[in-house]
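The values are calculated or read from the model by the stated rules, or taken from the named source; none is laboratory data. Computed from a predicted model, the values in this text were never measured in an experiment. Cβ placement follows ideal geometry from the backbone for every residue including glycine, while neighbour counts extend to all protein chains displayed.
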Amino acid sequence: MIAPGFADPTLDSQATFRALLAAMSHPGRVHPAGRGLSPPAPLTPALAAVALTLCDADTPLWTDAPEEARRWLAFHCGCPFAGDPARAAFVLPHGAPPPLDSLAQGTEEEPHLSATLILPVASLAEGAGWRLAGPGIAAEARLSVAGAPPGFAAAFAAQRARFPRGVDVILCAPDRLACLPRSLRLSEV
């Protein structure tokens, strides 16, 4: 038996998409996501909501999640699975994520061909932690991220040199999300 997806696929995906747009437009702001979803582990409600909203038959997804989660994603999203994270539009790791520079970076002419990393983290909070600056931020924003992989902040900051190429990141705590667009300047505190 496959667990249900969104109760109202149209309204729930629209609400998640609005949260993603707001989070991408204003890095450092945390938004609720996935309320009412009960996907199979290790997917969390926020991870599931993002996948249900963004993944479809035209967007290859790479994940190393267990088979039950993969079945759930295939059933509800209809997305093909990429065998190599470098060939995926979306990357949703269960274990350690692939290095950012190993994912699709786009090109100077077509930066939109880059991958988006949907990264599970333990918690997200505004007001402390990483320093964020760039488009969508008046002066500086702060984002506390618990559970990011070791070295992630430095790897994300290093990709700024390749802009407009690079990887956008959606951070997903169990029921919250925040975004790190590739245009962002990030530094650890």
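Observations on the structure shown:
- Test for LEU73: is it under 25 Å from PRO181 (Cβ atoms), in contact (Cβ under 8 Å) with a residue 40 or more places away in the chain and assigned to a helix (DSSP H, G or I): no
- Which numbered condition GLU109 fails, given (1) under 26 Å from ALA146 (Cα atoms); (2) at pLDDT 95 or above: (1)
This table checks each residue for (1) closer than 15 Å to PRO120 by Cβ; (2) free of Cβ contacts under 8 Å to residues at least 60 places away in the same chain; (3) polar (S, T, N, Q).
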| residue | (1), (2), (3) |
| --- | --- |
| MET24 | no, no, no |
| GLY34 | yes, no, no |
| PRO42 | yes, no, no |
| PRO66 | yes, yes, no |
| PRO80 | no, yes, no |
| PHE90 | yes, yes, no |
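- Matching entry among ALA138, ALA104 (being within 19 Å of MET24 (Cβ to Cβ), modelled with pLDDT of 95 or more and not acidic (Asp, Glu)): ALA104
The rows are residues; the columns are (1) among the β-branched types (Val, Ile, Thr); (2) at pLDDT 95 or above; (3) surrounded by 17 or more Cβ atoms within 10 Å (Cβ to Cβ); (4) at negative phi.
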position	(1), (2), (3), (4)
ALA7	no, no, no, yes
LEU20	no, yes, yes, yes
VAL30	yes, yes, yes, yes
PRO40	no, yes, yes, yes
THR44	yes, yes, yes, yes
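- Verdict on PRO98 being in contact with a helix residue (DSSP H, G or I) (Cβ under 6 Å, 6 or more places away or on another chain) and either farther than 21 Å from PRO4 by Cα or in a helix (DSSP H, G or I) (or both): yes
- Only residues that are outside any loop (DSSP other than H, G, I, E, B) and over 18 Å from LEU92 (Cβ atoms) were counted in the stretch 32-63, giving 1.
- Of the strands (runs of 3 or more DSSP E) lying entirely inside the stretch 126-189, those containing at least 3 residues that are surrounded by 16 or more Cβ atoms within 10 Å (Cβ to Cβ) and in contact with a helix residue (DSSP H, G or I) (Cβ under 9 Å, 6 or more places away or on another chain) are 168-173, 176-180.
- Pairs, first under 13 Å from LEU47 (Cα atoms) in the stretch 112-123, second in a loop (DSSP other than H, G, I, E, B) and hydroxyl-bearing (Ser, Thr, Tyr), C-beta under 9 Å, six or more apart: PRO120/THR44
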